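A short write-up of the structure that comes next.
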């Protein structure tokens, strides 16, 4: 346990060792606020639904940029050789990195708090869907992170990690979308929509906290963290 | 102590480590010597549990590599080749991080870090980013990382790489000092390095052990003869043929005419025979002049060359 905390701390601090973290956070806040508030006054509804439906698409680029360096850099610098020969289990290393990236994401999401405040000041906002939306955002984000983290362990090139993560997340997202579902046999449609990353997010954002949706995201997270551990072990199979 | 038995590791079709066995006792410094790509790093990576061998048995402090990997890793200090470090961390933060990973109790951690800073000579760079350090300093930070938890086993892959001559001597002394109570393996492709630090040497080439022993034993194994350089002024062919008549001479080789018109000969005598005086007399009797007569002791370099190129010829 203390190993996980040490690694999480170290990885989290290294986000802020360069100005990139600040630039990331500011860009994220500016873009999401801009995209949300531009039509907000035209539509004239005190709802955050449009904000939450933006996030899966903004995350598509934002989250791979958080995770891309986590393993790729270790491999590039060769520090993975020390990390893997210290008395740390692979699971501890993976979880440490995952929690660090999650903390970074959580801080970024937390910093969007002026948006719900503004919305509720301007109109009569329904609090339920806003809380639901934030819960969904954390789960969706964590699922994206686990995918990005796994992809990062496959390469020593951060750019490749970024692009592959974006592609994989995009694919997992759109398989549940309407325009994909109409092209496949109707019998398969429920399966695809269940597997899609977006379907469950919509459910949660509607303010319905269903354990099936949370269970789905937890499964995705555990699955990709497990793949991550296997890919570290793969050096042992050579 | 480290026991390695019939260790083999393949990467695809290449055999990186081929059935090697050796032992290192407590208080001993074993030098691992071989050209680049000989299998030194692969062996060390197996011993440090970075990846497992394909076959063979490794016992470290009576713990089995497969069953007690985590326990072994606790007791080993490993300095990988070219000392990989997190570039964006400050030296002090890095040592603190490693200390915590190594489970040094937090009331002792500050003292341990200070000790390491002092032992490895890092006083001036404590608050610098590792990425901005020179190669020598990075190597020292790597060494501090290796030693911070006072491990019983030290595995050092080319520990003096990238250091300047003064630092090399310092680090060597440090390793010797530390090595008195620990089990140390260090690798190098620089021979003087190994003969200065290590009590015993294992020479490895193409994944196989081609020789082992103390530095002295290894030197006496080397051809067993000295090489003499003689610089003679006189007709080249005649000088050569006269010198060839000396009893005990094994080989004579003319090294192209020198700019001053003399001829330089490289002469090898048969084992344990000193023919330098004979050379002098032959030259003097014929009325030529001898302007140089130097003896060169066989060095580890020769053993190394002989063993590493020899095994190639056998294949």
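Values for this structure:
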| quantity | calculated |
| --- | --- |
| Odd one out for residue A:4 among (1) within 14 Å of chain B (Cβ to nearest Cβ); (2) under 22 Å from residue A:138 (Cβ atoms); (3) in a loop (DSSP other than H, G, I, E, B) | (3) |
| Yes/no for residue A:17 being within 14 Å of chain B (Cβ to nearest Cβ) and in contact with a helix residue (DSSP H, G or I) (Cβ under 8 Å, 6 or more places away or on another chain) | no |
| Candidates A:135, A:220, A:180, A:208, filtered to the one that is more than 14 Å from chain B (Cβ to nearest Cβ) and part of a loop (DSSP other than H, G, I, E, B) | A:208 |
| Selected residue [surrounded by fewer than 18 Cβ atoms within 10 Å (Cβ to Cβ), outside any loop (DSSP other than H, G, I, E, B) and more than 14 Å from chain A (Cβ to nearest Cβ)] from B:131, B:124 | B:124 |
| Test for residue B:186: is it within 28 Å of residue B:62 (Cβ to Cβ) and either within 15 Å of the chain's Cα centre (by Cα) or crowded, with 19+ Cβ neighbours inside 10 Å (or both) | yes |
| Any strands (runs of 3 or more DSSP E) falling wholly within region B:174-228 and containing at least 1 residues that are at pLDDT 85 or above and more than 27 Å from residue B:150 (Cβ to Cβ) | B:200-205, B:208-213 |
| Scope region B:38-71; condition closer than 18 Å to residue B:3 by Cβ, within 11 Å of chain A (Cβ to nearest Cβ), without any contact (Cβ under 8 Å) to a residue 40 or more places away in the chain and touching a helix residue (DSSP H, G or I) at 6+ places or on another chain (Cβ under 9 Å); matching residues | B:45, B:49, B:52 |
| Options B:113, B:148, B:155; residue that is closer than 18 Å to residue A:10 by Cβ and within 14 Å of another protein chain (Cβ to nearest Cβ) | B:148 |
| Evaluation of residue B:241 against (1) farther than 28 Å from residue B:26 by Cα; (2) crowded, with 19+ Cβ neighbours inside 10 Å; (3) at pLDDT 80 or above (one fails), failing number | (2) |
| Any hit, region B:80-100, residues being in contact (Cβ under 8 Å) with a residue 60 or more places away in the chain, in contact with a strand residue (DSSP E or B) (Cβ under 9 Å, 6 or more places away or on another chain), within 14 Å of another protein chain (Cβ to nearest Cβ) and under 19 Å from residue B:29 (Cα atoms) | yes |
| Yes/no for residue A:194 being surrounded by fewer than 15 Cβ atoms within 10 Å (Cβ to Cβ), free of Cβ contacts under 8 Å to residues at least 40 places away in the same chain, more than 27 Å from residue A:97 (Cα to Cα) and out of contact with any strand residue (DSSP E or B) (no Cβ under 9 Å at 6 or more places or on another chain) | yes |
| Counted residues, region B:106-121 - those being outside any loop (DSSP other than H, G, I, E, B) and either under 24 Å from the mean Cα position of the chain (by Cα) or touching a residue at least 60 places away in the same chain (Cβ under 8 Å) (or both) | 1 |
| Scope region A:119-130; condition assigned to a helix (DSSP H, G or I) and either without any contact (Cβ under 8 Å) to a residue 24 or more places away in the chain or touching a helix residue (DSSP H, G or I) at 6+ places or on another chain (Cβ under 7 Å) (or both); matching residues | A:121, A:127, A:129, A:130 |
| Qualifying position, being closer than 26 Å to residue A:39 by Cα and modelled with pLDDT of 95 or more, among A:105, A:95, A:121 | A:105 |
| Hits in region A:36-92 (condition: surrounded by 22 or more Cβ atoms within 10 Å (Cβ to Cβ), part of a loop (DSSP other than H, G, I, E, B) and more than 10 Å from chain B (Cβ to nearest Cβ)) | A:48 |
| Residue B:176 being touching a strand residue (DSSP E or B) at 6+ places or on another chain (Cβ under 9 Å), surrounded by fewer than 23 Cβ atoms within 10 Å (Cβ to Cβ) and touching a residue at least 24 places away in the same chain (Cβ under 8 Å) | yes |
| Some residue of region B:285-295 being within 21 Å of residue B:219 (Cα to Cα) and either part of a helix (DSSP H, G or I) or in contact (Cβ under 8 Å) with a residue 24 or more places away in the chain (or both) | yes |
| Residue within region B:267-279 that is more than 13 Å from residue B:246 (Cβ to Cβ), under 31 Å from the mean Cα position of the chain (by Cα) and modelled with pLDDT of 80 or more present | no |
| Lone qualifier among B:31, B:27 - being under 23 Å from the mean Cα position of the chain (by Cα), within 22 Å of residue B:218 (Cβ to Cβ) and crowded, with 24+ Cβ neighbours inside 10 Å | B:31 |
| Considering residues of region B:270-284 that are in contact with a strand residue (DSSP E or B) (Cβ under 6 Å, 6 or more places away or on another chain) and not in a helix (DSSP H, G or I) only, the residue nearest to residue B:228 (Cα to Cα) | B:275 |
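The values are calculated or read from the model by the stated rules, or taken from the named source; none is laboratory data. None of the values given here were measured: they were computed from a predicted structure. We place every Cβ from the backbone using ideal geometry, glycine too, and count neighbours over all the protein chains shown.
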